[in-house]
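Remarks on the structure that follows.
Taken together, the values in this text are just the output of simple stated rules run on the coordinates, not laboratory data. Quantities reported herein were computed from a predicted structural model and do not represent experimental measurements. Quick reminder, even Gly has a Cβ in these numbers, built from the backbone with ideal geometry, and neighbours come from all protein chains shown.
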Amino acid sequence: MANIKSSAKRASLIQKATAKNRAEKSLMKTNIKKFDAAVAENDRETAESAYKTAVKTVDRAATKKLIHKNKAARRKSSMTQKLNAIESK
């Protein structure tokens, strides 16, 4: 435990921020998994709605610097390709 009051406060704030970031990142991963599950079932309507929410959460994570912007672009591109593959079938 920190002896200095300001460092104790920083430690507390870091714990709160870490928990918040973990929750945001977990939500993003969950939405991507929901999209992948819809794609696996070849359900286009469910996949489109899951795609919209997944892209929003990926963009939000990149904006908040939880993931790098290039990683966000790569994830969105990958999801778009999977969605388009369903439509062509």
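What to note about this one:
- Computed per residue of the chain from DSSP H runs no shorter than four, each worth -39500 (n - 2.57), the mean residue ellipticity at 222 nm is -30500 deg cm²/dmol.
- Using only side-chain charges placed at the Cβ, +1 for Lys and Arg and -1 for Asp and Glu, the dipole size of the stretch 25-88 relative to its Cα centre rounds to 660 debye.
- Percentage relative contact order, the chain, counting C-alpha pairs under 8 Å, at least six apart: 26 percent
- With the charge dipole of the chain set up from +1 on Lys and Arg Cβ and -1 on Asp and Glu Cβ about the Cα centre, the Cα lying farthest toward the positive end among the listed residues 19, 72, 32 is that of 19.
- In this structure, the amide hydrogen of residue 67, modeled 1.01 Å from its nitrogen in the peptide plane, lies closer than 5 angstrom to those of 62, counting only residues at least 5 positions away or on a different chain.
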